[in-house]
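Input: a single structure, listed below in C-alpha cells.
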Amino acid sequence: MEDLPYKKENSLRHHSSFPTKTEIWPKVRLLFGREGIPTDLSHLYLNDPGESWANLGYWENTKEYGTACANLAEHLGTLAGLDPDSKLLDLGFGCGDQFRIWENIFGVNVSNIYGINISKIQIEFAKRRYEGRSSSPNLILGSVERLTEFEDKTFDVVIALDSLYFIPNRNRLVGEVYRILKPGGVFVSAEILFSDRKISYWETFKRNLISKMAKMSSDLKKVEGIVSEYSALGFNFEVLERIDPFVFPGFSQFILEKIKSGKKIPKRLAGRYEMLGEYFGSETIKKHFEYWVYKVRKPE
C-alpha cells in the first residue's frame, strides 16, 4: 500500500553523536502528521487522472507510476492463476485499481471479487467507480476480524497487493486465509519484510522507529519467519521471489521527480513524500527492508 511515511535518510546517517533537536524536530512533525497515511487519499496526488494506485510498483522497463503499479497487480494475478472462474478475496485493496487489471487481463468476473479495507473513504471512492454498472465488487469495511464471516473453503484465491505489512495479527490472518481457501487454493502476496542482514542495535532501533511511524504491523518478519509460519499451517510454497531491486529504486526516482515536477502538492505532504523518496533510494533501506513476492497453496 502505499505512501509510507519514512524518515529522511540524512537524519539516519551515522554520527559521532545523535542529531540535534533543530535537525530532527521538523522531520518528526512531518512524520507524525496526518498527511500521507495509508488509509487516506493522499496518493491521488501521485496518480494521473482517472487512476488511484497506491502500491510501490514493479519498475522494470517503465518510469510511469500507473504502469509500474499495474505491472505488480498483473504479476500477482499471473502467479495466482486468475481466470474467469476465479472467486477471490483482496486484503487491503486500497481504491481497487487492480480490479480492472484482473477483470480485463484475466477475465475475472468483478462480482466474484471480494475486498476488505479498514478505510471508509477508500471504500467509498472505489464504490463510486462502479455506479451504474450491472455488476460490482463486494467491498467490506473492516479488518482481519471480518474474515470470520466467510465460510470455510470459500475462495479460490486470496491476494494481498502491497498491503500485508500494514495488517496486524499476521498469525490470525494467515490461519483465517488457510481456512477460507478451497483445497488447492492459493494465497499470493507482494510485501515489505525485514532485511535478513545482521544490523547493529542502533540500526534496529531506527528500523523499528520507521516501522512504527509508517504504521506498519508490529509483527513484521524476515522471510525465514514467513516460510516457517506458513509451512507450519500446512501451506506449500510454490514461489518465493525477492524483487526489491525492481521496486525501491524505481519508486524513489519517481516520487522525487514528482515532487520536482511542479505539480501542486500540499507543502507538508510534499515534504513527507520527499523523505519517503530519499529513504527508498538510500543505502539504509537495504539494511532495513526487503521486498518479496510469494505464492503458497493449500493442499488438495
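The values are calculated or read from the model by the stated rules, or taken from the named source; none is laboratory data. The model shown is predicted, which means the values in this text are computed figures rather than measured ones. Heads up, the Cβs are rebuilt from the backbone with ideal geometry, glycines too, and the neighbour counts pull from every protein chain shown. The accessibility values were calculated without ligands, DNA or RNA, using every heavy atom of the protein model including side chains. Shrake-Rupley method; radii C 1.70, N 1.55, O 1.52, S 1.80 Å.
Figure the gain on full extension for Glu60 and Tyr130 (residue separation times 0.36 nm, minus the Cα-Cα span) and round it to one decimal in nm.
Values: separation 70, 0.36 × 70 = 25.20 nm, distance 3.07 nm.
Contour length minus Cα-Cα distance gives 22.1 nm.
Which angle from 0 to 90°, rounded to the nearest 10, does the C-alpha axis of helix 170-180 make with the longest principal axis of the chain?
For helix 170-180, the angle is close to 20 degrees.
Using r as the Cβ-Cβ distance of Ile199 and Ser143, and R0 as 22 Å, what FRET efficiency do you calculate, to the nearest 0.05? Walk me through the numbers on the way to the answer.
Working: r = 31 Å, r/R0 = 1.40.
FRET efficiency, Ile199 to Ser143: 0.10.
Please give the helix 21-31 orientation as an angle from the longest Cα principal axis of the chain, in degrees from 0 to 90, rounded to the nearest 10.
Between the helix axis and the principal axis of the chain, the angle is about 20 degrees.
Under a point-charge model restricted to the Cβ atoms of Lys and Arg (+1) and Asp and Glu (-1), what is the dipole moment magnitude of segment 254-294 relative to its Cα centre, in debye to the nearest 20? Walk me through the numbers before you get to the answer.
Values: 9 positive and 5 negative charges, 70 e Å.
Rounded to the nearest 20 debye, it is 340 debye.
Please enumerate, by chain and number, the lysines with C-alpha under 21 Å from the C-alpha of Lys182, excluding those fewer than 8 residues away in the same chain.
Of all the lysines, those that pass the test against Lys182 - Cα under 21 Å, at least 8 places apart if same chain - are Lys87, Lys153, Lys295, Lys298.
Quick one: putting +1 on the C-beta of Lys and Arg, -1 on the C-beta of Asp and Glu, what dipole do you get for the chain around its Cα centre, in Debye to the nearest 20? Don't skip to the end; give the middle numbers.
Numbers: 42 positive and 40 negative charges, 268 e Å.
It works out to roughly 1280 debye.
Can you tell me the length gained on complete extension of the stretch Asn208 to Asp83, counting 0.36 nm per residue apart and subtracting the Cα distance?
Values: separation 125, 0.36 × 125 = 45.00 nm, distance 3.96 nm.
The Asn208-Asp83 span can extend by a further 41.0 nm.
Under the classification rounded if a/c is under 1.5, otherwise prolate if a/b is larger than b/c and oblate if not, where does segment 140-269 fall, given a ≥ b ≥ c as square roots of the Cα gyration tensor eigenvalues? The partial results should precede the final answer.
Numbers: a/c = 1.95, a/b = 1.55, b/c = 1.26.
It is prolate, given that a/c is not under 1.5 and a/b is the larger ratio.
Compute for the chain: radius of gyration divided by Kirkwood radius, i.e. Rg/Rh, restricted to C-alpha atoms, rounded to two decimals.
Working: Rg = 18.9 Å, Rh = 19.7 Å.
Over the Cα atoms of the chain, Rg/Rh equals 0.96.
Towards the positive end of the charge dipole of segment 243-300, with charges on Cβ (+1 Lys, Arg; -1 Asp, Glu), say which of Ala270, Val293, Phe248 has the farthest Cα.
So the residue we want is Ala270.
Which pairs break 20 Å Cα to Cα here: Lys63/Lys263; Lys63/Lys258; Lys206/Lys258?
Beyond 20 Å between Cα atoms: Lys206/Lys258.
Using a 1.4 Å probe over the heavy atoms of the protein chains, calculate the carbon and sulfur portion of the accessible area of the chain as a whole percent.
On the way: 6980 of 13470 Å².
Answer for the chain is 52 percent, counting heavy atoms of protein chains only.
Given the chain, what percent of its DSSP beta bridges are antiparallel, to the nearest 5?
On the way: 15 of 32 bridges.
Counting only bridges with both partners in the chain, antiparallel ones make up about 45 percent.
Peptides 94-101, 111-118, 240-247: what's the order by average Cβ count within 10 Å, highest mean first? Display every interim value, and only then the final one.
Numbers: 94-101: 22.8, 111-118: 20.8, 240-247: 17.0.
Top to bottom by mean Cβ count within 10 Å: 94-101, 111-118, 240-247.
For the modelled label position 7 Å from the Cα of Glu229 along Cα-to-Cβ, which residues of segment 100-119 have backbone nitrogen atoms closer than 20 Å?
Of the residues in segment 100-119, 116-118 have backbone N under 20 Å from the label point off Glu229.
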